[in-house]
Amino acid sequence: MSESVMTNDGELILDSHKISYHMDRVNAWEAGERIAPVTVDMALTRACGSMCKFCYAMMQEPQKRHGIKTDHILNLLDDFSEVGVKGVSLVSDGESTLSKAYVPFIEHAAKNGINIGNATNGWEFGPEKSERVLPHMSWLRFTVAAGTPGRYAEIMYKGSEHTEVFDKAMKNIRYAVHYKKKHNLSVTLGIQMVLMPEFKDEIIPFAKLGLDLGVDYAVIKHCSDDENQSLGIDYDQYESMYSLLEAAEAMSTEKTKIVVKWDKIKDKGKPSYERFYGPAFLLQISGSGLVAPSGMFFNARYSKLHIGDFTSNRFIDIFKSERYWRAMNYIASPAFNAQTMMGTLPIQHYVSTALDDHIKGTKKIVQAQDKEPLHVNFL
Amino acid sequence: MKNGINTEFASHVSLLPSLAWKNLSEQDRILKVESVMKGFTNSEVIQVKKAYSDGQVTISLNNAMNASERGSFLLDFEELLKDNLDNGITIWHEAIGDKNSLRNLRGIEVVSIEEAL
């Protein structure tokens, strides 16, 4: 059974997957049928006002950026509905709140019955935006790199003296928490720290900040790096932080859960699988408009896995094209090795591990019998 | 209809180049790739940059193919090299660095295969 924490809103799974709630797709996939992704992770732009030290978007530049306009995203959402996408997370490789299409996207998704989640630095997430989008969202997660203003500004912006960005983010997070409570909204609010070994002094302050803000959870995860270690992450150093991470988790209260993504941290950057099955269930789209199986392949380096661009072609046509399935089959073939040919532990990691274990017979995925957890359509 | 994803390779060993490929000099490996490339459609747009002993071949495309063209084009090219030279060859395009001016202030560069080796 999946690892989970119980929040006031329900069971929350952050350090595992929810694929066992989508057995219809698993069975169809295993039978060799063409399945639609349950979840799409995407961005509405590649732009961002932050300059986070841990940002994987620095490694995700494709050949060309296409401007994503409102009519593109309305068509995209209609195509998602048509093929059977159930949840869309606005995370990927850009700060989607900067896009003019951001609010229309969320409103249109809600109209189409698609669940929406979003990760943001929160700098442009003022009261007006909160009020427009929070009622339509399943979850909203603020990236908070540290628990203290100076370190936050140093890691996410130009330097420790620029604490105005911390102040702005905290003000907006507090408003979102207040608005959720006032209107009894179902949206889950969280904050996330992307842990690089040199940020370990901020683990406990981050947990304290989560409690102070009154968010539903504060999660700490590993930092992804590409296969050539462009960010220089030393995964062996995470082990020395285990006691600090355990101490942070122990600070959880009934209102705010402190969660550590142990599974990814303990994998030390190397997955158990060589074939990469997750993208068929959890597809990623770049804020440049590029459709590729995973964000791991957005950079021009992985051009052979580039499938299309949804600002030039309708997504439904890309999804139905032979090149979509050719790319998906390539990463499921012996020509591809997930351990050496892509960055570490992608968003599809939990799902890919489960599917690989399932196909190898080491751990079969079985239909979940219990009540659906929160955010079941975000794998 | 069974035209989705083939899962029969889950436990297969990932392809690696032969000893013969590994024992060639880089110059010879590049020459071999260029020789096979001559028979490939639209080959004039491809420039071979590096050809490593571990089977990785770095190329660049001289003209800007759109996203719906370049994937299939390069997979076709890789298949040709696998069929004619060595099954362990894998094609990568030259990496492109982040165009975000703010993030660029961090000074992070996408590390090339050569730098990583």
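The values are calculated or read from the model by the stated rules, or taken from the named source; none is laboratory data. Computed from a prediction, not measured in an experiment: that's the story for all the values here. For neighbour counting, all protein chains shown are included, and Cβ atoms are generated from backbone atoms with ideal geometry for every residue, glycine included.
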Report task. Return a yes/no flag: does the stretch A:236-249 have any residue that is touching a residue at least 12 places away in the same chain (Cβ under 8 Å), crowded, with 18+ Cβ neighbours inside 10 Å and part of a loop (DSSP other than H, G, I, E, B). Result -> no
Query raised in the report: Which residues, taken from the stretch B:1-45, are over 18 Å from B:Glu79 (Cα atoms) and polar (S, T, N, Q)?
Result: B:Asn3, B:Thr7, B:Ser11, B:Asn23, B:Ser25, B:Gln27
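Matching residues to (1) within 30 Å of B:Phe9 (Cβ to Cβ); (2) part of a loop (DSSP other than H, G, I, E, B):
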| site | (1), (2) |
| --- | --- |
| A:Trp29 | yes, no |
| A:Arg46 | no, yes |
| A:Cys52 | no, yes |
| A:Ala57 | no, no |
| A:Glu61 | no, yes |
| A:Gly67 | no, yes |
Requested in this report: Would you tally the residues in the stretch A:7-35 being modelled with pLDDT under 95 and more than 14 Å from A:His375 (Cβ to Cβ)?
Outcome: 1
**Report entry** Spans of helices (runs of 4 or more DSSP H) in the stretch A:278-379 with at least 1 residues at the interface with chain B (Cβ under 7 Å from one of its Cβ atoms) and surrounded by fewer than 24 Cβ atoms within 10 Å (Cβ to Cβ)
**Finding:** A:322-330, A:349-360
Query raised in the report: How about the stretch A:9-27: which of its residues are acidic (Asp, Glu) and in a loop (DSSP other than H, G, I, E, B)?
Result: A:Asp9, A:Asp15
**Report entry** All positions within the stretch A:148-174 that are within 21 Å of B:Arg103 (Cβ to Cβ), surrounded by fewer than 16 Cβ atoms within 10 Å (Cβ to Cβ) and in contact (Cβ under 8 Å) with a residue 12 or more places away in the chain
**Finding:** A:Gly150, A:Lys158
**Report entry** Check on A:Ser333, at pLDDT 95 or above and over 16 Å from A:Ala36 (Cα atoms)
**Finding:** yes
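What's the total number of residues in the stretch A:186-218 that are part of a strand (DSSP E or B) and modelled with pLDDT of 95 or more? Don't jump to the end; show me each part of the working.
Going through the stretch A:186-218, the residues part of a strand (DSSP E or B) turn out to be A:188-194, A:217-218.
Now drop any that are not modelled with pLDDT of 95 or more, which leaves A:188-193, A:217-218.
Selection size over the stretch A:186-218: 8.
Please enumerate the residues belonging to the stretch A:58-75 that are farther than 21 Å from B:Arg70 by Cβ and not charged (D, E, K, R). Break it down into steps so the answer makes sense when it comes.
Taking the stretch A:58-75 and keeping what is farther than 21 Å from B:Arg70 by Cβ, we get A:58, A:69-71, A:73-75.
Listed by number, the residues that qualify are A:Met58, A:Thr70, A:Ile73, A:Leu74, A:Asn75.
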Query raised in the report: Any idea which of (1) of a type outside the set (Asp, Glu); (2) farther than 21 Å from A:Val38 by Cβ; (3) modelled with pLDDT of 95 or more; (4) touching a strand residue (DSSP E or B) at 6+ places or on another chain (Cβ under 6 Å) is the one A:Ile307 doesn't satisfy?
Result: (2)
Query raised in the report: Are any residues in the stretch A:175-186 touching a residue at least 40 places away in the same chain (Cβ under 8 Å) and surrounded by fewer than 22 Cβ atoms within 10 Å (Cβ to Cβ), and if so, which ones?
Result: A:Tyr175, A:Tyr179, A:His183, A:Leu185, A:Ser186
Query - Residue check, A:Tyr273 closer than 18 Å to A:His349 by Cβ and either away from every other protein chain (no Cβ under 12 Å) or not in a helix (DSSP H, G or I) (or both) - result: yes
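Filter the stretch A:98-117 for residues that are surrounded by fewer than 24 Cβ atoms within 10 Å (Cβ to Cβ), closer than 26 Å to A:Glu61 by Cβ and of a type outside the set (A, V, I, L, M) and give the result. Reasoning before the result, please.
So in the stretch A:98-117, the residues surrounded by fewer than 24 Cβ atoms within 10 Å (Cβ to Cβ) come out as A:98-101, A:103-104, A:107-108, A:110-115, A:117.
Adding the requirement that they be closer than 26 Å to A:Glu61 by Cβ leaves A:98-101, A:117.
Scanning the stretch A:98-117 gives A:Ser99, A:Lys100, A:Gly117.
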Report summary line: Just one listed residue, out of A:Glu61, A:Glu33, is free of Cβ contacts under 8 Å to residues at least 12 places away in the same chain and within 14 Å of another protein chain (Cβ to nearest Cβ), and it is A:Glu33
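Out of the residues in the stretch A:254-270 that are farther than 21 Å from A:Val376 by Cβ and in a loop (DSSP other than H, G, I, E, B), state the one that is farthest from the other protein chains (Cβ to nearest Cβ).
First pass over the stretch A:254-270, keeping only residues farther than 21 Å from A:Val376 by Cβ: A:254-256, A:258, A:260, A:262, A:265-270.
Checking the rest, the ones that are also in a loop (DSSP other than H, G, I, E, B) come to A:254-256, A:267-270.
Numbers: A:Glu254: 38, A:Lys255: 35, A:Thr256: 31, A:Asp267: 18, A:Lys268: 18, A:Gly269: 14, A:Lys270: 14 Å.
For the stretch A:254-270, the residue satisfying everything is A:Glu254.
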